[in-house]
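> This is the structure, below, for whatever I ask next.
What follows draws every value from the coordinates through simple rules; no lab data is involved. Bear in mind the structure is a predicted one, so any value in this text is a computation, not a measurement. All Cβ positions, glycine included, derive from the backbone under ideal geometry; neighbour counts span all protein chains shown.
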Amino acid sequence: MLLYSANWKSAEHTIAAAGLYKNFARNTIEASLETYYKTMDDYLDYRNGAQLLMNHHIETDVLTTKGRAYGVELMFKKTQGKLNGWISYAYSRTQLRQEDKRISLPVNKGDWYPDDFDKPHEFKFIGNYKFTHRYSLSLNCEYTTGRPITLPVSKYQYVGGQYVYYSDRNKYRGPDYFRMDMAFNIEPSHHLTLLTHSTITFGVYNLTGRKNAHSVYYKSENGVIKGYKLSIFGSPIPYVSYNIKF
Amino acid sequence: MKFKAIIYILLLFVSVGCIEEYHAKGVEELSNLLVVEGTITEGTTTIKLSRSVGLYDNASASERVSNAIVSVESDAGKEYSAISGTGGIYTIYIEKLDPETKYRLKIQVDGEEYESTYSKPILTPDIDKIFWTKDSNKGVANICVTTHGANDQPRYYSWSYNEIWEIRAKLYSNFMYGADNIIIPYNEITGSYNLKYYCWKSDKSNKFILASSDKLSENVITEKKLVETTPSHERFSELYYIKVYQNMLSKEAYDYFTNLQKNIESTGSIFSPVPSEIRGNIFCTTNPDIPVIGYVDVSVVKTKEVYIYPDEGLYEPKLDYLCFSVTKNDERYDESGMLLYYYEEMDPANSLYSYPECFDCTKRGTKNKPNFWPNDHK
């Protein structure tokens, strides 16, 4: 989204990671525990009140920040058998801070604040069940904490209309994200001599039809402030796909 | 046929509600922030003080602050005190602003003191022209303003306006009811006028109208839309009046107001920046951590007024089928809604009936005729 130019230093990241891996049940289950810590220097974020469109001096509306990201991930994977797939849980944080003394009004008074994509809890499940070599069913579930949002916390009258006062940046959380997809796969032929192998999948994306929030925003309608949630693919979407492998 | 049905069902699935209302939970609402509105200007300066309220409080509950002590101070050592009016409105009279002197606003309220930053007055240029434009095909009519400043002056402007228009009832009633419902025909010689024929209505701007010429080589604003409406709007049907207030702004004030306006017009798209607060130029000196809302510039306000007459060609009446009049024997006579409005003294059976909205303008407007109104309509 932001291009690096002569006005900004390129961001510098330092990362340290460690992991523990172990297999169980005659190597059919793989378990892993991983952790990481990352620091970021000169990472870019918007200044408060940034004007992005038609701005010829966009470099004056973004600020370099310090960032830190850390987390742990636990994962179990089953690779063989009629039922296979993996399940994982991750706790991870991404936070930013504007501590440059030359900035007169740093975001959130120079304290650490969550990045736009900071989602502490993330749970994933992917499972496949093979009925026969020809037919299989797969299920995909994903749950994450809602994205950080900045919300209006107060309202007032000005120049005859209604206006709002916003909280510190990313102080609140949007609704949690949850999605479940299901697919039924058919492999019509397993002949080794065939030039191509094909599969047909019938599936439903977002099976539960949950209206996950892409963003939350507030606007004035006839002088009254209303909050809205924008969701993309907020209903079950059936699909059919035909894949060819060669 | 079946195939079509399936397609429709699929479309229904996919298209169901992408945007819905949202009420955030667990938000600590912040209220009681001091809101300061106004511009220090020549003549009468009006400062409005209020306090912010919680997001889901009643919209009209914006609290007015009437117990403050307000004054304007100059760096030449002069102090101009405000006369506090009711409803949180304070007026300060300064005969002339000295271009080389800096001024600031001082407020004392509820044990705290607030100050705006010192600044020199901005000499707002005159409004060049107020005019209307319209596009009948699109059904759009605008009232626009044009102005220009010197190239070494600030390139930021804001406007506000008051509008008043006359409305006329569709039908002219010829009598009024006296005591005991006696019918008294109007008689201009004896001074009994039809007071339900001409009425007045007013409106004013209710958001920031801002423009800048900072991307142009000259400090010129052409055709800035102030009022956006339709040529068939009743405001143009008779005589229309608009008074425009023009302010030249500092860049800081312009950025501040632009941000406030942007914060209530966001669309939640992927690329819109996170809404945020930027600070105005008013600070709490006794407790710097208390946020204050508002920006008080020092600027000489310029005004201009125009009338738009119905024969200028702006108004395009909508066909109005509802206003007809009938006798009591007519099949269209509606006993529950229609009232007698035209009395035939000679032949009462031919008296006419119509809906009150058609002959009584007070159903839509008021009798608050401004004293400067340039006609003698009663």
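> If you build the Cα gyration tensor of region A:1-118 and take the root of 5 times each eigenvalue, what three semi-axes come out, in whole angstrom, biggest first?
41, 15, 12
> Against the globular-protein guess of 2.2 N^0.38 Å, express the Cα radius of gyration of chain A as a ratio, rounded to two decimals.
1.34
> When the chain is fully extended, how far beyond the present Cα-Cα distance does A:K77 get from A:Y21, taking 0.36 nm per residue of separation?
Extending this stretch completely gives an extra 19.0 nm.
> Report, as an integer, the average count of C-beta atoms from other chains found within 10 Å of each Cβ along A:162-172.
Neighbouring Cβ atoms belonging to other protein chains average 6 per residue here.
> Mind pulling the angle between the C-alpha long axis of helix B:2-15 and the longest principal axis of chain B? Nearest 10 degrees, somewhere in 0 to 90.
40 degrees
> Sticking with this one: With the crude spin-label approximation of a point 7 Å out along Cα→Cβ, what separation in nm comes out for A:E221 versus B:V326?
3.8 nm
> Zone of B:D110 (label point 7 Å along Cα→Cβ, backbone N under 15 Å): which residues in region A:140-173?
Hits in region A:140-173 for B:D110 at 15 Å: A:154-157.
> Still on this model: On average, how much area does the Cα convex hull of region A:126-246 cover when viewed from any direction, in nm²?
10.8 nm²
> Related question: Taking the Cβ-Cβ separation of B:A349 and B:K204 as r and a Förster radius of 51 Å, what is the calculated FRET efficiency to the nearest 0.05?
Computed FRET efficiency for B:A349 and B:K204: 0.60.
> Distance cut-off 32 Å, Cα to Cα: go down the list B:K138/B:K196; A:K101/B:K25; B:K138/B:K378; A:K226/B:K304; B:K25/B:K224; B:K96/B:K243 and report the pairs above it.
Beyond 32 Å: B:K138/B:K196; A:K101/B:K25; B:K138/B:K378; A:K226/B:K304; B:K25/B:K224.
> Mind checking the angle between helix B:251-263 and chain B's longest principal axis? C-alpha axes, 0 to 90 degrees, to the nearest 10.
50 degrees
> Among B:S119, B:S192, B:S232, whose mean-square fluctuation peaks in a Gaussian network model of chain B (Cα, cutoff 10 Å)?
It is B:S192.
> Where does chain B land at 222 nm, in deg cm²/dmol rounded to the nearest 500, when only DSSP H runs of n ≥ 4 count, each adding -39500 (n - 2.57), divided by all residues?
Helices in chain B give a 222 nm mean residue ellipticity of -2500 deg cm²/dmol.
> What is the average number of partner chain Cβ atoms found within 10 Å of a Cβ in B:20-33?
Averaged over the peptide's residues, the number is 6.
> State the volume of the convex hull built on the alpha-carbon positions of the protein assembly as shown, expressed per residue in Å³ and rounded to an integer.
For the protein assembly as shown, the hull spanned by Cα atoms encloses 282 Å³ per residue.
> Can you pull the one-decimal nm distance between simple spin-label points at B:Y193 and B:I83, each 7 Å off the Cα toward Cβ?
The answer from the label model is 3.1 nm.
> Also, I was wondering about something else. If R0 is 22 Å, what FRET efficiency do you get for B:K224 and B:Q153 from their C-beta distance, rounded to 0.05?
0.85
> Subtract the Cα-Cα distance of B:A76 and B:S217 from 0.36 nm times their separation in residues, and report this length gain in nm to one decimal.
Stretched fully, the B:A76-B:S217 segment lengthens by 47.2 nm.
> Then there's this: If pairing requires two Cys Cβ atoms under 4.7 Å apart, which cysteines of the protein assembly as shown are left without a partner?
Here A:C141, B:C18, B:C144, B:C284 come out as lacking a disulfide-compatible partner, given the Cβ-Cβ threshold of under 4.7 Å.
> Take every residue in peptide A:226-239, count the Cβ atoms of other chains within 10 Å of its Cβ, and give the average of those counts.
The shielding value for this peptide is 5.
> Please enumerate, by chain and number, the lysines with C-alpha under 17 Å from the C-alpha of A:K38, excluding those fewer than 8 residues away in the same chain.
Those lysines meeting the cut-off are A:K66, A:K119.
> Can you tell me how much longer the chain between B:R364 and B:Y333 gets when fully stretched, taken as 0.36 nm per residue apart minus their C-alpha distance, in nm with one decimal?
Between B:R364 and B:Y333, full extension yields 8.9 nm more.
> Give me P(r) over region B:16-168, computed from all C-alpha to C-alpha distances, binned every 5 Å, as integer percentages.
Result returned by the calculation: 2, 6, 12, 13, 13, 13, 13, 12, 9, 5, 2, 1, 0, 0.
> Pairs of Cα atoms under 8 Å, at least six residues apart: use those to get the relative contact order of chain A, whole percent.
Normalised by residue count, the contact order of chain A is 11 percent.
> Let me ask something else. Taking 25 Å as R0, compute the FRET efficiency from the Cβ-Cβ separation of A:Y89 and A:D116 and round it to 0.05.
The pair A:Y89/A:D116 has a calculated efficiency of 0.65.
> Between B:Y186 and A:T39, what is the spin-label point distance in nm, taking each point 7 Å from the Cα along the Cα→C-beta axis?
8.5 nm
> Sticking with this structure for a sec: Nothing charged except the Cβ atoms of Lys and Arg (+1) and of Asp and Glu (-1): what's the magnitude of the dipole of region A:126-246 about its Cα centre? Round to the nearest 20 debye.
Computed charge dipole of region A:126-246: roughly 300 debye.
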